[in-house]
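Report on the structure given below.
Computed from the coordinates by the stated procedures, all read-outs in this text should not be read as laboratory data. Keep in mind it's a predicted model, so treat the numbers as computed, not measured. We place every Cβ from the backbone using ideal geometry, glycine too, and count neighbours over all the protein chains shown.
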Amino acid sequence: MITSPSTRSSRHARGLQCVGTVAPAVALLTLLLPAAASAGLDLTHSVERVAIPAAALPVSVRVEPLASRVVLASRDAAALARAVRAASPTLCPEVGVSGGEVVLRCRTPLIGAALVPFSGGQSVELRHLQVPPWSGRDGMPLVPFDPRKIGLGSHCPGEGNAAVGECALGTGHPEQAEEPFRDAVSGPHGDLAALRLGDLAARAGNLPEAAAMWKRVSPSSAYGRLAGCRLCEIDPACLASPRAAVLFHPDEEASPLREDLLLHQARIDAFQGRALEAAQALAPEQGPAGACSAEPVLCADVLLAALREPGPRGAQALALYLETPSRDRGPVAVELARAASDQAASAGAPVFAANLLATTSGAVPPAQLADHLARATELYLVGGDRVRAGVLLDFARSRLAAAELATPRWARIARGVSGRAGRGPAPGHPELAGAEEDLQAAKAALAAVPTRAGGKP
């Protein structure tokens, strides 16, 4: 089924990044959408629909824009992967299976995905966006303001509707903020309330309502520049113009408005291929503390994108990673460690790279643990450290199921640990020589990993 332009326009941009369950369908369709539809709010270049076979149900979808990938979890990942490869999506042409999930690697970070009805069932809809996604992971950030610092009175829970709404955002309850902001939108703090109602609508996927609210903010108010930045973020022409750099530049703004501008600018930089610069701006010694405490996953994703850059830029990102106190915490900690490990290995420090993996082993999902441990053990062997490689091998034998260890890869590792294969010590990297001692929490992290079914006690 091909959706007509009028139907697409009526949908606007609601729900482009959502999670749910997908049912069977049969084909992939590419739809070219008019860029100027819906008064500039149909921000989609093209749409592809991937049919899902019944054998793959149930399926859920996770979008990771700054990693340029869409992840589909299924009870039958192999069947789902075959269906996606048969569809040959041009937006996300690389299809792999990892830890029971189907990973679609896309040509751009400007991606959205949704689960939609199609031909009597449902399908995964992949969208190539014209601007960075406004909702979901890596969507527009929301930095709460301290009511005292913006002239709204006393400490939280606040006095007055605008302050109550801001305090709800600050305590991580945006669902409790909408009503007080709606009550405040016609009062003396109406500009702040309109800005926040726009922010909440964007995060809910309702871009037309968000734009309407942002346009209500007076350009001459304290929040006029922030509203202008939001409108620029959903305008491809503005993002591509010199005006964007001036609009987002935070130096002249006082905190806490500076934190808001800084995080919005960093996100745009990361989506436009300047992830290292974005990560540097958000580094603990440079960026305001409130920016990343408000959006830790976005900040981690920016650093992750920088770590995945090749060559010297990736090496600079590794230095930022080592200076980040929260690097071993949060939902992105394992991916950050893997990307940092790859950079360290490329820099000629395989033992250090292995330590980075070992320290996060306790947080690795069970389906990924075998590959994670194998990679760390291989790096120890590359570095000539058969002792620690042996410790990891013994650990793997106590935690992994027998079937997971009965592979050629683990057989090669066992031969390397015994000295019957493997390489000699690799030269260390002088810039990383002192860092290894800071990561000796590996054994403690490994001890926290639960025993897997089929492993030894």
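Quick one: if the Förster radius is 56 Å, what FRET efficiency do Arg409 and Asp183 give, using the C-beta to C-beta distance and rounding to 0.05? Step by step, r from the Cβ atoms, then E = 0.35.
Take every Cα pair under 8 Å in the stretch 174-247 that's 6+ residues apart, average their separations, divide by the length, and report that relative contact order as a whole percent.
Taking the mean separation of contacting Cα pairs over the length of the stretch 174-247, I get 21 percent.
Distance between the C-alpha centres of the stretch 102-163 and the stretch 222-240: 16 Å, rounded to the whole angstrom. Modelled spin labels at Val97 and Asp371, positioned 7 Å past Cα toward Cβ, are 1.2 nm from each other. Taking a sphere under 15 Å around the Cβ of Gly187 and counting the other residues whose Cβ falls inside, with K and R at +1 and D and E at -1, yields a net charge of -2.
At full extension, Ser418 and Asp394 could sit 7.4 nm farther apart than now, given 0.36 nm per residue minus the alpha carbon distance. With each label modelled as a point 7 angstrom along the Cα→C-beta vector, the Arg137-Ser293 pair spans 2.6 nm.
What net charge do the residues around Pro93 carry, taking every other residue with its C-beta under 13 Å from that of Pro93, with Lys and Arg at +1 and Asp and Glu at -1?
Residues near Pro93 contribute +2 overall.
Quick check: residue separation of Cys238 and Ser119 times 0.36 nm, minus the Cα distance between them. What number comes out in nm?
Contour length minus the Cα-Cα distance gives 39.0 nm.
Using the Cβ of Leu200 as centre and a radius below 13 Å, the other residues enclosed give a net charge of -2, where K and R count +1 and D and E count -1.
In this structure the amide hydrogen of Thr44, modeled in the peptide plane, comes within under 5 Å of the amide hydrogens of Gln130, none closer than 5 places in sequence on its chain. Here the label points at Ser220 and Asp146, each 7 Å from Cα along the C-beta direction, are separated by 3.0 nm in the simple model.
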